[in-house]
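J.: For reference, the structure I am asking about is given below.
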Amino acid sequence: MQLDTTSKDLLQTAALETLDRIRNDQDQVPPRLKPMLAYIESHLFDPKLNVNRLKDACGIRDNSVAIHFHAAVGKPPHAYISHCRLETAARLLRDTDLPIWKISDLLGFSSIQVFSRSFYRWADQRPTTFRRDARKRLADRPRIQQAVDSPQTEEYWRRAMSGALKDDEAAVLIQRLLEIYPPGRRPLA
């Protein structure tokens with residue numbers, strides 16, 4: 001697939017945090033797994049990337065490598081690749097106006113249906129719903145940030161952090177936090 005410059009730039013920007021985490025993971029794993037993470041980093045959005053291709057590219061013949069990979073990074077290779085792609089998808093959905101089918105293509109999914117199903121399993125939301133909710137949260141952020149930064153609330157937050165709030169004040173704080181961060185949402189990273 002030929003990427004236009006704008007899409008390529010947007011993908012690179014959205015993938016920065018994910019690629020940094022892959023590099024950090026690469027520093028933490030045993031030497032045997034370093035080539036696998038290096039290959040994932042350089043081919044993350046290749047539609048042909050799968051565990052067999054990864055093992056072939058790294059010259060690994062041992063089937064137990066998936067077990068060692070899981071033990072080292074917390075996920076088997078396929079789930080790790082999928083998580084990295086979907087994490088980038090969330091940033092693209094939140095921060096760009098790219099159509100969902102284009103995001104699916106950019107990230108290497110075989111179809112928009114596969115992307116949508118994978119994203120739903122990962123985020124408990126369809127991509128369109130995630131985009132709408134993320135943008136609503138971003139639109140609310142200046143109002144929330146203004147309330148948090150006011151001198152009146154500075155003392156309130158200081159007391160909250162020290163555990164010195166009265167029960168009714170703590171209940172209000174919890175309610176405000178639940179409005180900002182609804183329960184059941186998985187964090188992006």
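Each value in this text was obtained by applying a stated rule to the coordinates, not by laboratory testing. Remember, predicted model here, so these are calculated numbers, not experimental data.
J.: Given the pairs Lys136/Lys166; Lys75/Lys136; Lys48/Lys75; Lys34/Lys102, which span a C-alpha to C-alpha distance of over 27 angstrom in this model? If you can, show how the numbers build up before the last one.
T.: On the way: Lys136/Lys166 31 Å; Lys75/Lys136 32 Å; Lys48/Lys75 20 Å; Lys34/Lys102 31 Å.
Over 27 Å Cα-Cα: Lys136/Lys166; Lys75/Lys136; Lys34/Lys102.
J.: Is region 27-148 rounded, prolate or oblate when judged by the Cα gyration tensor, a ≥ b ≥ c being the square roots of its eigenvalues, rounded requiring a/c under 1.5 and prolate requiring a/b larger than b/c? The partial results should precede the final answer.
T.: Numbers: a/c = 2.80, a/b = 1.86, b/c = 1.51.
Prolate is the answer for region 27-148, as a/c is 1.5 or above and a/b outweighs b/c.
J.: What are the ³J(HN,Hα) couplings of region 24-33, residue after residue, when phi is run through the Karplus curve with 6.51, -1.76, 1.60 and θ = phi - 60°? Round to Hz, x for glycine and proline.
T.: 5, 4, 4, 5, 8, 8, x, x, 4, 8
J.: Given an 8 Å cut-off on Cα distances and at least 6 residues of separation, report the relative contact order of region 5-125 as a percent. Walk me through the numbers before you get to the answer.
T.: Numbers: 92 pairs, mean separation 33.0, N = 121.
Relative contact order, region 5-125: 27 percent.
J.: Ala38 to Asn52: extension gain in nm, 0.36 nm per residue of separation minus the Cα-Cα distance?
T.: Numbers: separation 14, 0.36 × 14 = 5.04 nm, distance 1.54 nm.
Result for the pair: 3.5 nm of gain on full extension.
J.: A follow-up question, please. Apply the Karplus curve 6.51 cos²θ - 1.76 cosθ + 1.60, θ = phi - 60°, to the phi angles in region 93-100 and return the couplings in whole Hz, x for Gly and Pro.
T.: Karplus values, whole Hz, x for Gly and Pro: 5, 6, 9, 10, 9, 4, x, 4.
J.: Across region 69-79, in residue order, what do the Karplus-derived ³J(HN,Hα) couplings come to in whole Hz, using 6.51 cos²θ - 1.76 cosθ + 1.60 with θ = phi - 60° and x for Gly and Pro?
T.: These are the phi-based 3J(HN,Hα) values: 4, 4, 5, 7, 10, x, 8, x, x, 4, 5 Hz.
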